[in-house]
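Contents: one structure, followed by commentary.
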Protein chains: 2
Amino acid sequence: MAKITDVARHAGVSPSTVSYALSGKRPISDETRRRVEEAIRELGYHPHAGARALASSRSNVLALMVPLRAGINVPVVMQFAVSVVTAARRYGHDVLLLTQEEGEEGLRRVVDTALVDGLIVMDVQLDDPRLPLLRRLDRPSVMIGFPASSEGLTCIDLDFMAAGEACVEHLARLGHRVVALVGSPPEVYVRGTAFAQRVVRGFTAAADRGRLASAVHPCEASPAAARAVAEQLLREQPALTGVVVHNEAVLEPLIDAFEGLGLRVPTDLSVTAICPDELAESLRVPVTSIALPAAEVGARAVELLMKKLDGKAVSEATLLAPRMTERGSTGRRAVA
Amino acid sequence: MAKITDVARHAGVSPSTVSYALSGKRPISDETRRRVEEAIRELGYHPHAGARALASSRSNVLALMVPLRAGINVPVVMQFAVSVVTAARRYGHDVLLLTQEEGEEGLRRVVDTALVDGLIVMDVQLDDPRLPLLRRLDRPSVMIGFPASSEGLTCIDLDFMAAGEACVEHLARLGHRVVALVGSPPEVYVRGTAFAQRVVRGFTAAADRGRLASAVHPCEASPAAARAVAEQLLREQPALTGVVVHNEAVLEPLIDAFEGLGLRVPTDLSVTAICPDELAESLRVPVTSIALPAAEVGARAVELLMKKLDGKAVSEATLLAPRMTERGSTGRRAVA
DNA sequence: TTCGACTGTCGAAGCGCTTCGACAACAATC
DNA sequence: GATTGTTGTCGAAGCGCTTCGACAGTCGAA
């Protein structure tokens with residue numbers, strides 16, 4: 001395996017010149033650079049990652065901690081991971097995979113051993129136990145999702161409030177005047193992640209602004225619960241024509257329930273959801289939806305981390321604009 | 001950040017002694033070891049990964065290359081990745097995530113820069129372009145799946161032939177005498193992965209051994225194709241009572257088709273599948289199935305790699321015994 | 001012409017660890 | 001009592017790279 005001294009000798013320069021030619025940290029004449037590059041090619045030289053890390057205290061590796069708990073959508077996690085790896089490569093970095101199971105100690109370990117230059121942490125909870133550590137650490141990190149307070153952190157996620165608004169506005173534009181939000185199970189609003197509340201806030205704000213009649217119903221993740229909510233909705237809001245669903249598990253059962261109650265989608269009822277595209281596409285009636293843009297979040301998270309590694313300041317909160325994909329489940333309100 | 005010389009001074013020994021106490025590569029007295037451990041604890045010492053890699057030419061990192069192409073089952077890939085990470089940690093290793101997209105150059109890069117000690121490659125195709133490189137490399141690697149020839153490689157996968165056999169034997173035990181295999185799309189048998197053929201071989205061999213009437217039908221991944229195959233089967237094998245499905249995409253449509261043709265599962269027809277448990281569980285009629293044991297494959301792959309890193313020989317082919325989970329879709333043949 | 005200010009290159013000093021050879025001290029063997 | 005092993009420790013030499021300071025040469029400005 002060729003080393004930098006071999007390249008230097010072969011190119012007739014000193015090792016430090018080779019290093020500078022590679023890193024661009026000092027000016028090198030075109031002629032010298034050319035000779036160095038040629039020597040590198042001829043010898044098949046690849047710098048030794050460990051030696052580099054030792055001398056420069058930069059490993060060019062970043063850690064990605066992925067969630068494991070039940071209830072997460074695995075394909076979305078995978079999409080995200082792939083986009084992080086791809087984006088990291090564009091910056092000459094590799095990605096070390098950590099599981100949530102490793103927790104704070106895992107993060108501490110890879111940082112303390114100088115294995116990684118920075119951290120990306122997924123599935124951040126409101127009062128995530130990893131937060132104090134991440135705040136304290138001298139290595140930069142970026143989190144996906146928002147904890148109770150993003151102070152001193154760098155967080156990125158879909159703008160769930162805007163997503164709630166966008167759904168209502170879409171329905172309003174189609175002429176709907178009475179709408180309802182079917183949300184996550186009640187416990188999600190208590191513990192967990194902030195995004196559920198944000199959807200509610202956006203939904204309500206937009207409905208109020210547009211003077212729509214609106215109601216919000218949490219819903220357990222079971223077909224039975226879906227059926228119950230459907231019945232309740234029709235009882236309490238007989239004029240209902242637009243529904244926003246923010247609950248992957250009950251989207252299909254809910255549509256089934258409405259149709260079972262004699263409402264056709266989209267003829268009698270327009271349905272829009274905040275859920276992965278995969279799910280929205282696969283239903284009998286493809287659903288107009290807003291998805292978590294996993295690939296974009298991943299790429300942006302890496303960008304933010306790279307900025308921080310360069311010592312640049314970045315904003316604590318980055319919210320990605322929702323993008324709605326129209327499918328067959330929404331239509332203009334039938335005028336009676 | 002404390003370094004090994006700090007620990008040494010604090011414990012009143014030389015750095016090399018600390019190193020030996022940590023690695024166990026030379027005998028150290030209990031008393032010295034105790035003092036070293038205490039110093040490590042008090043100083044919060046963590047060895048620098050880069051320095052270690054440079055001095056020992058071992059990075060304690062292994063690369064995992066995951067597939068991206070359409071048609072793979074994402075949750076299974078994820079299960080697999082998680083089990084690799086978990087198993088690797090038990091051996092004190094971390095895992096670098098590579099995407100298939102990086103291809104041979106990606107593998108070459110992480111090896112040439114000495115970033116990783118070994119490679120695990122998923123989704124190996126019959127004539128995978130990465131094979132020549134992997135054979136030539138001086139670093140050990142393990143592949144998931146079998147190429148045309150496993151010579152000079154280390155491969156691991158579910159024993160698909162045994163899986164095909166097990167399905168037939170299960171049906172035979174329940175009294176079925178006429179069975180059919182609904183397989184992958186025709187093109188899979190041509191290009192692609194060896195496992196499809198293996199299932200066929202196991203299926204046929206077991207049927208012949210048990211003197212069952214049997215037939216094999218490839219099937220495109222569409223509901224229409226499923227319906228067509230169902231009709232064809234009933235036409236050609238009117239006495240058919242047992243079906244083995246090795247085709248994720250058509251499992252549900254196929255059952256629907258049979259029921260549409262008046263056959264109840266499992267009353268009139270027993271169905272067993274080779275597919276992820278997730279899918280088998282989620283169907284209206286839960287299906288008796290054999291799954292790819294992703295977690296086990298991952299753990300075993302890491303074990304094999306660790307053995308190779310220790311310079312031990314391992315067998316070229318490791319086949320994991322199939323495990324069948326009985327669900328509602330198979331039953332004793334109704335005696336007319 | 002002289003003085004910075006660049007530009008382009010080199011040599012040397014580390015980065016923090018592992019490992020090899022050396023060597024005491026002591027036990028077991030003839 | 002000399003010889004051979006073991007056990008436990010140390011010092012020094014590197015692993016392959018980056019980076020700092022030094023310095024020679026060039027160029028436009030004063």
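The values are calculated or read from the model by the stated rules, or taken from the named source; none is laboratory data. Quantities reported herein were computed from a predicted structural model and do not represent experimental measurements. Because the Cβ atoms are built from the backbone with ideal geometry, glycine has one as well, and the counts that use them run over all protein chains shown. Accessible surface is based on the protein model in full, side chains and every heavy atom, while ligands, DNA and RNA are left aside. Shrake-Rupley method; radii C 1.70, N 1.55, O 1.52, S 1.80 Å.
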Inset, instruction - Of the options B:GLY44, B:SER19, B:ALA8, report the single residue whose Cα projects farthest towards the positive end of the charge dipole of the range B:4-47 (beta-carbon charges: Lys, Arg +1; Asp, Glu -1). - result: B:SER19
Legend entry - Ratio of Rg to Rh over the range B:37-194 (Cα coordinates, Kirkwood Rh, two decimals): 1.11
Legend entry - Zone of B:ALA228's modelled label, taken as backbone nitrogen in the range B:151-188 under 20 Å from a point 7 Å along Cα→Cβ: B:180-188
Legend entry - Alpha-carbon centroids, the range B:246-285 and the range A:108-139: separation in whole Å: 45 Å
Inset, instruction - Quick one: with label points 7 Å out along Cα→Cβ, list the inter-copy distances for B:ARG26 in nm, shortest first? - result: 3.8
Inset, instruction - Once the label point is placed 7 Å from Cα along Cβ, list for B:ARG9 the distances to the corresponding points in the other copies, in nm, shortest first. - result: 3.8
Inset, instruction - Work out how much length B:GLU187 to B:ALA55 would gain on full extension: take 0.36 nm times their residue separation and subtract the Cα-Cα distance, in nm to one decimal. - result: 42.5 nm
Legend entry - Whole-Hz ³J(HN,Hα) from phi, Karplus 6.51 cos²θ - 1.76 cosθ + 1.60, for the range B:152-164, glycine and proline x: x, 10, 10, 10, 9, 5, 4, 7, 5, 5, 4, 5, x
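Rounded to the nearest whole Å³, what is the per residue volume of the convex hull around the Cα atoms of the range B:4-47?
Each residue corresponds to 56 Å³ of Cα convex hull volume.
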Legend entry - For the protein assembly as shown, calculated [θ]222 nm from helices alone, where every DSSP H run of n ≥ 4 adds -39500 (n - 2.57): -14000 deg cm²/dmol
Inset, instruction - From the P(r) of the protein assembly as shown, can you give the percent of Cα pairs sitting at distances over 32 Å? - result: 61 percent
Legend entry - A:ASP256 accessible area, 1.4 Å probe, all protein chains in place, Å² to nearest 10: 70 Å²
Inset, instruction - Output the direction-averaged projected area (hull surface divided by four) of the convex hull of the alpha-carbon atoms of chain B, in nm². - result: 20.6 nm²
Inset, instruction - May I ask for the distance between the Cα centers of the range A:293-336 and the range A:164-204, given as a whole number of Å? - result: 17 Å
Inset, instruction - Keeping to pairs on different chains or 8 or more places apart, tell me how many lysine pairs in the protein assembly as shown have Cα atoms under 21 Å apart. - result: 8
Inset, instruction - Quote the Stokes-Einstein diffusion coefficient, in whole µm² s⁻¹, for the range A:263-336, based on the Kirkwood radius over alpha carbon pairs, a temperature of 10 °C and a viscosity of 1.306 mPa s. - result: 108 µm²/s
Inset, instruction - Please turn the phi angles of the range B:84-96 into ³J(HN,Hα) values with the Karplus equation 6.51 cos²θ - 1.76 cosθ + 1.60 (θ = phi - 60°), one per residue in order, whole Hz, x for glycine and proline. - result: 5, 4, 4, 5, 4, 4, 4, 9, x, 10, 10, 10, 9
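Can you tell me the FRET efficiency between A:ARG41 and B:SER16 if r is taken as the Cβ-Cβ distance and R0 is 41 Å, rounded to the nearest 0.05?
Efficiency, rounded to the nearest 0.05: 0.55.
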Inset, instruction - With the Cα gyration tensor of the range B:1-120 in hand, convert its eigenvalues to equivalent ellipsoid semi-axes via √(5λ) and list them largest first in whole Å. - result: 38, 15, 11
Inset, instruction - Could you pull the Rg and Dmax for the range B:78-161, using just the Cα atoms, both in Å? - result: 12.7, 40
Legend entry - Residue-averaged beta-carbon neighbours from other chains (10 angstrom radius) around B:72-84: 3
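Just how many % of Cα pairs in the range B:115-163 lie over 12 Å apart, if you round to the nearest whole percent? Working shown, then result.
Numbers: 724 of 1176 pairs.
That fraction is 62 percent.
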Legend entry - Mean Cα-pair separation over length for the range A:160-291, i.e. relative contact order, pairs under 8 Å, 6 or more apart, %: 26 percent
Inset, instruction - Work out, in µm²/s and without decimals, the Stokes-Einstein translational diffusion coefficient of the range B:160-291 at 10 °C, 1.306 mPa s, Rh from Kirkwood over C-alpha pairs. - result: 111 µm²/s
Legend entry - Cβ-derived FRET efficiency at R0 51 Å, A:LEU261 paired with B:ASP310, nearest 0.05: 0.20
Inset, instruction - For A:GLU105 paired with A:ARG201, estimate the spin-label separation in nm (one decimal), with each label point 7 Å from Cα along the Cα-to-Cβ line. - result: 3.7 nm
Legend entry - Extension gain (nm, one decimal) between A:ALA221 and A:ARG173, 0.36 nm per residue minus Cα-Cα: 14.3 nm
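Could you work out the relative contact order of chain A, using alpha carbon pairs under 8 angstrom and six or more residues apart, expressed as a whole percent? Spell out each step's value before the answer.
Values: 602 pairs, mean separation 56.8, N = 336.
Relative contact order for chain A comes out at 17 percent.
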Legend entry - Partner chain coverage, peptide B:42-53 - average Cβ within 10 angstrom: 6
Legend entry - At 7 Å out from Cα toward Cβ: B:GLN237 inter-copy label distances (nm, ascending): 5.3
